[in-house]
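The values are calculated or read from the model by the stated rules, or taken from the named source; none is laboratory data. All figures in this text were calculated on a predicted structure; none of them were measured in a lab. We place every Cβ from the backbone using ideal geometry, glycine too, and count neighbours over all the protein chains shown.
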Amino acid sequence: MLELNVKTMIKFFRTIRKDLMEKNKTGKYLKYAIGEIVLVVIGILIALSINNWNEERKEKLKEQKILLQMKETLLDDIESKRPFSILETAITSSAIISEHLENKKPYNDSLDYHFGNLPAFTLFMPNMSAYDNLSTIGFDRISNDSLRARYQKIYRFYYKLVGLHSNDTSKKLADDFGQIYLNKFSDYTWLVHAKPVNYEELQSDHYFKELVKYNMQSKSEFLQWRLDTRKEIEEVIKIINQELDSTKQ
């Protein structure tokens, strides 16, 4: 477009110069030639400015699309509250079971519900589509330096920390409980109930009691990590919304 406009201008001025030369108006020709040069330069600068504005507008639209994708995937990761409720239930049940076993409190049927909650865990599977896309095309597509750094930290620090615990530590804990439940519990249904075959024996089982304590501590830490991650995501989404508003202007 810029090349076409310049060629059109030059062709137009060339026609006028030719007419002046044919009429032998040398003085006017020289003045006109100088004016023509000035006008051509101004025309080129204006055309370049318009071209640059169009390119900047295109880049803003591309960034806006990327920001929207970032926001959508982050919202996906914090939309469900079920992982938090599962962890909170497991922590509460661990505390109740630990307190009963340590203090040798008598058995009652309500404990079956809490025994059933001990192995509970959640797999952490974040939506990686926007992050993977930016890894391919370059994170410099995000013009806000602070947003770029905080967004990458979510995936490179927070998600790795949460995923390590969720998908490894919690899974191992569930497997450890599963082995014990095969031998020392009957009628076990995950997150529903588990009835101990010999409750008094569990009160003297040092390994099981320590496992329950570790389960409570581990899941408490994991819940806090998830809450911290959620808080950081919410802060990053606020910045994304600010950037989206600015790119619309």
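Could you tell me whether any residue of segment 48-57 is modelled with pLDDT of 75 or more, at negative phi, in contact with a Leu (Cβ under 9 Å, 6 or more places away or on another chain) and not acidic (Asp, Glu)?
no
Any idea how many residues of segment 154-170 are closer than 13 Å to MET125 by Cβ and among the basic types (Lys, Arg)?
0
Which of the residues spanning segment 101-110 are in contact (Cβ under 8 Å) with a residue 40 or more places away in the chain, assigned to a helix (DSSP H, G or I) and either of a type in the set (Ser, Thr, Tyr) or buried (at least 16 other Cβ atoms within 10 Å of the Cβ) (or both)?
If the condition is that a residue be in contact (Cβ under 8 Å) with a residue 40 or more places away in the chain, assigned to a helix (DSSP H, G or I) and either of a type in the set (Ser, Thr, Tyr) or buried (at least 16 other Cβ atoms within 10 Å of the Cβ) (or both), then LEU101 is the only one that fits.
Can you pull out every residue in segment 112-148 that is under 21 Å from THR189 (Cβ atoms) and in contact (Cβ under 8 Å) with a residue 40 or more places away in the chain?
ASP112, TYR113, PHE115, GLY116, ASN117, LEU118, PRO119, ALA120, PHE121, THR122, LEU123
Read through the list (1) at negative phi; (2) out of contact with any Phe, Trp or Tyr (no Cβ under 9 Å at 6 or more places or on another chain), then give the number of the only condition that ASP187 fails.
(1)
Confirm whether ASP228 is surrounded by 12 or more Cβ atoms within 10 Å (Cβ to Cβ), in contact with a Phe, Trp or Tyr (Cβ under 9 Å, 6 or more places away or on another chain) and acidic (Asp, Glu).
yes
So which of LEU68, LEU74 is touching a helix residue (DSSP H, G or I) at 6+ places or on another chain (Cβ under 8 Å), more than 22 Å from HIS165 (Cβ to Cβ) and of a type outside the set (Phe, Trp, Tyr)?
Criteria check complete, one pass: LEU68.
Name the single residue, out of those in segment 118-159 being among the basic types (Lys, Arg) and either in contact with a helix residue (DSSP H, G or I) (Cβ under 7 Å, 6 or more places away or on another chain) or surrounded by 12 or more Cβ atoms within 10 Å (Cβ to Cβ) (or both), that is farthest from ILE91 (Cα to Cα).
Across segment 118-159, the extreme among qualifying residues is ARG141.
Give just the number: which of (1) in contact (Cβ under 8 Å) with a residue 40 or more places away in the chain; (2) farther than 16 Å from SER93 by Cα; (3) in contact with a strand residue (DSSP E or B) (Cβ under 6 Å, 6 or more places away or on another chain); (4) not β-branched (Val, Ile, Thr) does SER186 not satisfy?
Every condition holds for SER186 apart from (1).
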